[in-house]
Amino acid sequence: MKYRYLLIFILLFSCKNIKVNNYNKPVYSSKGFAYIYTKDDLEDKTIKKKINSEEIILAHNTVKRGALLKVTNPKNGKNVILKNSFKVKYPDFYKVLITKSLSIELGLNENIPYVEVEEIKKNKSFIAKKAETHDEEKQLQVKAPVEKIKISNIGKTIKKTTEHKPKFVIILGNFYSLKSAELLKKRVKAESEILREKKITIFKKNKHNFEVFLGPYKTIKKIKNDYIALKQINFDEVDIKIYE
């Protein structure tokens, strides 16, 4: 009987020392394309919420309302930190919904609006300070003097430069061993007729990091088609990265 009470005491004491509060919920982070909202989306019921396109707004379909999201245009390094205005449904191929005003602010190519989205955990005073600094920087840019442009060699023919169009890949996963990476590649080809003939690459990043990806792709349409095929074989969340 004495041992029984001792056992109960040990169990109760052990339970008290379990630090449940130390568990941190994973912070959202993803790379892919932004859905740029237009008035047509409301009319054709693609988006069921009316949004003011002239305001700088973002919305997410899984991150809670009010959470802070950092959206970055990796091409020029521009980013904004905004509260998630509301949870809203949009085509799940996209990583975040933004207004046209926000797209302009980030300097996105509307045909290929590639972004990096990250949920951040910062205190209110930090955010207020960042916002204040941002406003001051904008004022300085407006007041800055415009330098004179020097034009020379007018007689020479000016070559028209074309903008480099980026290529993209769909990341299927990162693995510790080559064997695991090869097993995933075989699984995708076995389970999807659409992806069976597609190029799946295993890239060795270092000794114990093997990245598996589909592509490269030149157009969003082709990425969408393969993204849908992956959803059909239960790939719920995949990143899209610029192919270098």
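Quick note: the coordinates plus some simple rules give every number you see, no bench work behind them. Computed from a prediction, not measured in an experiment: that's the story for all the values here. FYI the Cβ positions are ideal-geometry reconstructions off the backbone, even for glycines, and counts take in every protein chain you see.
With neighbours defined as other Cβ atoms within 10 Å of a residue's Cβ, the residues Phe168, Phe93 order from fewest to most as Phe93, Phe168.
Which of Asp236, Asp226 has the fewest other C-beta atoms within 10 Å, and how do the rest follow up to the most?
On the way: Asp236 7, Asp226 18.
Exposure proxy ranking, most exposed first: Asp236, Asp226.
Restriction of the trypsin sites (Lys or Arg not before Pro) in the range 51-116 to DSSP coil positions whose beta-carbon has at most 12 other beta-carbons within 10 angstrom yields Lys64, Arg65, Lys89. Length gained on full extension, Leu183 to Lys45, computed as 0.36 nm times the residue gap minus the Cα-Cα distance: 45.6 nm.
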